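Note sheet for the following structure.
The values are calculated or read from the model by the stated rules, or taken from the named source; none is laboratory data. Since the structure is predicted, the reported quantities are computational estimates derived from the model, not experimental observations. Here the Cβ is made from the backbone with ideal geometry for all residues, glycine too, and neighbour counts use every protein chain on show. We work out accessible area using only protein heavy atoms, side chains counted, and drop any ligands, DNA or RNA first. Shrake-Rupley method; radii C 1.70, N 1.55, O 1.52, S 1.80 Å.
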Amino acid sequence: MIKVAYIFGSINPGGKKNLALEYCRHMDTTKVRVDWICDADSTAIPEDEIKALGGKVHIVTPYKNILKNMSDIRKVIREEKYDVVHVWLSTMNLFSLIVAKQEGVKVRISESISMANKHEKKVLLKYALKPFSSIGANYYMACGVDCGVFQFGQKSYDDGDIAIFKTVINTDDNAYEPELRTITRKKFGWENSVVYGFIGRYMVQKNPLFIVDIFNEIQKIQPNAKLALIGFGGLEEKMMERITHYGIADKAINYGKREDIKQFYNAFDAFLLPSIYEGLPVVGVEAQSCGLPIFFSTEITPEAKGCNMAHFISLKESAAEWAKKIVEIVSQNMPARRSFVEEMKAAGFDSKSEAMRLQKYYFDAIEEQNK
């Protein structure tokens, strides 16, 4: 059996956690043990499931105190003697990877799962660290081509040095369920509404204030429209202020941070994701598998499209223009709701097959280093 360490930084509800779990769930636990090294300020470590899969959870000082963080990681690596260290911190990867190299870990993977945008406050730090994110690594991985090129450069991709492992989900588990849709819509009082939804963090990257702007225009066209917001984050207060300003508090509801999100993919009529940047968003893959129309900004990689449920609109267009296009498409798609599981599998988004490919990648890398 090989021992693999996943290093994450903070684990919170959402994409990174779900993506890593999907890989862990479908690898052979008799051949691979995956431990999670997480910062102490994490809010959603799936500790019980990790242990059930044979792994351990190690809690370390948050990376904001980088020297203590590195010291804690060093102690864990030294005690556990990992064959593989796989770091999921994007441009922050170098600190953990330096420790792993110093401790003699043979396979050290730098993973890129996000990009950056000039509108983000910490963008300067990301761009400053980007050239160094591969220090200490001897393998490079990304959830999509755009993410890989962003972090490691076009030449590295052209030379075949970046392994692409897509953002994956259990596509079967994310199939459309008409009964669940009916139950959920009744529970929330949505039976006679067209429900637009968002699931994610309320932060600049996700452009949540623009989501409110778009919905304000949508409800002018569709009086029976509702907006369901599922998430948390620093822009929550501003979002609520804007909702109040528009006078749509009875239609735009914040349901807060939740883990029971499968029901919402089924109950929504459309998903809004006008992000100013992304990696390859998990919610986008889950929505499409469930047959839910999703509206991305064109800042999101075209690789996120796995079937014809994905639509792209430029952020150069106004909220009113977004609303007009969205309402037109949603009105056309609502009668034809169905699963798109097979299409998403064919596009390479299924965790079962991709997990076995990742497992093979680990073993091949170890064998290569042992030569």
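Brief remarks on what is shown
- Of Asp159, Asp28, Asp173, the residue with the greatest mean-square motion in the GNM of the chain, using alpha carbon springs below 10 Å, is Asp159.
- Computed packing ranks the peptides 273-284, 1-12, 297-308 as 273-284, 1-12, 297-308, most packed first, by mean other Cβ atoms within 10 Å.
- The GNM of the chain, with springs linking C-alpha atoms under 10 angstrom apart, assigns the highest mean-square fluctuation among Phe188, Phe271, Phe215 to Phe188.
- Probe 1.4 Å, protein heavy atoms only - accessible area per residue of region 216-264 in square angstrom: 53 Å²
- Across Ala336, Ala320, Ala137, mean-square fluctuation computed from a Gaussian network of the chain (C-alpha pairs under 10 Å connected) peaks at Ala336.
- Fraction of accessible area attributable to carbon and sulfur, region 137-205 (%, probe 1.4 Å): 48 percent
- Under 5 Å from the amide H of His58 lie the amide H atoms of Trp36, Ile37, Cys38, each residue being 5 or more positions distant or on a separate chain, with H modelled from the backbone and absent for Pro and chain starts.
- Residue-averaged 222 nm ellipticity for the chain, from DSSP H runs of 4+ at -39500 (n - 2.57), nearest 500: -12000 deg cm²/dmol
- Per residue accessible area in Å² of region 1-81, where ligands, DNA and RNA are left out and the probe is 1.4 Å: 45 Å²
- Taking 16 Å as the straight-line reach from the Cα of Lys251, the aspartates and glutamates in range (excluding those fewer than 8 positions away in the same chain) are Glu191, Asp213, Glu217, Glu241, Asp269.
- Under the simplified labelling scheme, the Ala44-Lys324 pair shows an inter-label distance of 3.6 nm, with each label point 7 Å from Cα along Cα→Cβ.
- Gyration tensor (Cα) of the chain, equivalent ellipsoid semi-axes in angstrom: 37, 21, 19
- Crossing angle, helix 319-333 versus the chain [Cα axis fit, 0-90 degrees, rounded to tens]: 90 degrees
- Nearest-ten-degree value, helix 208-221 long axis tilted from longest Cα axis of the chain: 20 degrees
- Long pairs among Lys31/Lys81; Lys166/Lys360; Lys56/Lys257; Lys51/Lys206; Lys166/Lys186, criterion Cα-Cα beyond 24 Å: Lys56/Lys257; Lys51/Lys206; Lys166/Lys186
- Expressed as a whole percent, the accessible surface of region 1-58 that belongs to carbon and sulfur atoms is 45, based on a 1.4 Å probe.
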